[in-house]
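What follows is one structure encoded as structure tokens, with my remarks underneath.
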Amino acid sequence: MTADGSNCELDSQAILVLSKDLGYVKAEELKKLKADISVVKRMIKALVESLKELVQKSYALRISELHSFHAFNFLLHRGTHPQ
């Protein structure tokens, strides 16, 4: 997935430079676009990291709940099974 992202980034950079070279985008506009892209990339990276943390916390909570359920179930049925 990272390789795809890197390829996409290279394609975007090439398109921006080509647009400037062909006169569709002025140098100042190109600088602004690159700065805007940089901001969006940081925002996306922060979102991905936040989602990773959320998934990890959710997984840990579910494991904890599962352990609690098994412990409760064991205590509940501990005296009802023949020995």
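Bear in mind these aren't lab numbers, they're just calculated from the coordinates by the rules spelled out. Since this is a predicted model, take the numbers as computed values, not measurements. Here Cβ is always computed from backbone atoms with ideal geometry, including for glycine, and neighbour counts include all displayed protein chains.
The charge dipole of the chain, taken about its Cα centre with unit charges on the Cβ atoms of Lys, Arg (+1), Asp and Glu (-1) only, comes to about 280 debye.
Seen against the Cα atoms of the chain and their longest principal axis, helix 27-77 is set at about 10 degrees.
The angle between the Cα long axis of helix 2-21 and the main principal axis of the chain comes to about 20°, on a 0 to 90 degree scale. Taking label positions 7 Å along the Cα-Cβ direction at both K20 and H67, the computed distance is 5.5 nm, reported to one decimal. The modelled label-to-label distance between Q56 and D11, using points 7 Å beyond Cα along the C-beta direction, is 3.1 nm. Around the amide H of V25, modelled in the peptide plane, lie the amide H atoms of K20, all under 5 Å away and 5 or more residues distant in sequence or on another chain.
A value for percent of Cα pairs over 22 Å apart was derived from the coordinates, and within the list [x] 36; [y] 54; [z] 58 it appears as [z].
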